[in-house]
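Have a look at the structure below, then the notes.
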Amino acid sequence: MSAPEAHFNELSPGQAERLAILLEECGEVVQICGKILRHGYESYHPKDYFETSNRELLRDEICDSVEYSRSPNKKRTSSTPNKAANRSRVET
């Protein structure tokens, strides 16, 4: 059996995975920017118990993206303790 052909972009599976994660993080920044354009910086989701403003969400997502880009092999963690709680409450 022959060895699999290399992908045309010559990325290793690890490089492709890290790039996909960074793409996801940047997508979250884009999503928050869209919310700010529609509702403003100080608006927040009506079901968000903590009333986290769009400004705070943008800051958190930018920090996540920068943190990941600086150390892509480090385990991913949330930039704020309530981030996961906020999302679970908002997305229901």
**Message:** Taking the condition of being in contact with a helix residue (DSSP H, G or I) (Cβ under 7 Å, 6 or more places away or on another chain), among the acidic types (Asp, Glu) and either surrounded by 15 or more Cβ atoms within 10 Å (Cβ to Cβ) or closer than 30 Å to Ala6 by Cα (or both), how many residues in region 16-73 meet it?
**Reply:** 6
**Request:** For region 39-47, state whether one or more residues are in a helix (DSSP H, G or I) and either farther than 27 Å from Ser71 by Cβ or modelled with pLDDT of 95 or more (or both).
**Result:** yes
**Complete:** Residue pairs within 9 Å by beta carbon, gap of at least six or interchain, first lying in region 24-42 and within 13 Å of Thr52 (Cβ to Cβ), second among the β-branched types (Val, Ile, Thr), listed first then second, are Ile32/Ile62
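The values are calculated or read from the model by the stated rules, or taken from the named source; none is laboratory data. Every value quoted in this text rests on a predicted model; they were computed, and no experiment measured them. We place every Cβ from the backbone using ideal geometry, glycine too, and count neighbours over all the protein chains shown.
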